[in-house]
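Okay, structure first, notes after.
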Amino acid sequence: MNSQQLDQKVRQHVYEVALATGTPPAISVVTEALGIARDQAEASLQRLAGAHVLVLQPEGREILMAAPFSAVPTPFLVRTPKYSCFGNCIWDALGVAAMLQMDVWIDTSCQDCGTLMSLAVRSGAVSHDGLVHFAIPAREWWADIVFT
C-alpha cells in the first residue's frame, strides 16, 4: 500500500470513529483497526495535518482536531441524540449538525461578554437570534488554526 492509499484509509477511519463517537481516535485505535505500525500511523497523520485535513496536538502526534470534532474539551459543547462532543468553534459546532444530519443542541457562551448561550439546530435551521462573528478572515484561519 502506498502512502496515498494509507492516508486515505487513515482519514476514512478517523472520520468513521469521530462520527460514531464524537471524538477523533487515539493513534493506538488507528493502528489496531488498520493493522499498521505506530510509525506508519504517525507518518500518515503528519501528512494529513500538512494537507490541513487534521490538526495534531503540539506536544505529541495525537489528533487534536478532525473538524468539526475536537479531541479535547472546548467552549462549544454539542449534544446530539447519540452523544455529546465538542466543536472547535461555533462554526464547527454547527458543522456537527450538518455532518450528522440530525438535530443538535449547542451550549456555549458569548465570546464577547461571556453570557451563557444555548442554541438548537432543528431540521437544519438554527433556533437562535445570536450573531456569529469571525474576527479573522477564513483565508487566514490556517495561519494559526488552534487560535482561530
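The values are calculated or read from the model by the stated rules, or taken from the named source; none is laboratory data. All figures in this text were calculated on a predicted structure; none of them were measured in a lab. Positions of Cβ are generated from backbone atoms using ideal geometry, with glycine treated the same way; all protein chains shown enter the neighbour counts.
List of remarks:
- Remark: pairs (first residue in segment 2-19, closer than 12 Å to GLN40 by Cα; second residue of a type in the set (Gly, Ala, Ser) and part of a helix (DSSP H, G or I); Cβ separation under 7 Å; 6+ apart in sequence or on different chains) = LEU6/SER44; ASP7/SER44; VAL10/ALA41; VAL10/SER44.
- Residues in segment 70-116 that are closer than 19 Å to VAL53 by Cα and either in contact with a helix residue (DSSP H, G or I) (Cβ under 6 Å, 6 or more places away or on another chain) or of a type in the set (Phe, Trp, Tyr) (or both): PHE86, GLY87, TRP91.
- The lone exception for THR148 - which of (1) part of a loop (DSSP other than H, G, I, E, B); (2) more than 11 Å from the chain's Cα centre (by Cα); (3) at pLDDT 90 or above; (4) surrounded by 11 or more Cβ atoms within 10 Å (Cβ to Cβ) it fails: (3)
- Members of segment 102-111 that are assigned to a loop (DSSP other than H, G, I, E, B) and under 19 Å from the mean Cα position of the chain (by Cα): MET102, ASP103
- Top-ranked residue of segment 127-145 - restricted to ones that are under 22 Å from VAL104 (Cβ atoms) and surrounded by 10 or more Cβ atoms within 10 Å (Cβ to Cβ), ranked as modelled with the highest pLDDT: SER127
- Residue count, segment 10-48 (criterion: in contact with a Leu (Cβ under 8 Å, 6 or more places away or on another chain), farther than 21 Å from GLN101 by Cβ and surrounded by fewer than 16 Cβ atoms within 10 Å (Cβ to Cβ)): 1
- Residues that are in contact (Cβ under 8 Å) with a residue 12 or more places away in the chain, buried (at least 19 other Cβ atoms within 10 Å of the Cβ), outside any loop (DSSP other than H, G, I, E, B) and not assigned by TED's automatic domain parsing to the domain that holds ALA20 do occur in segment 112-125.
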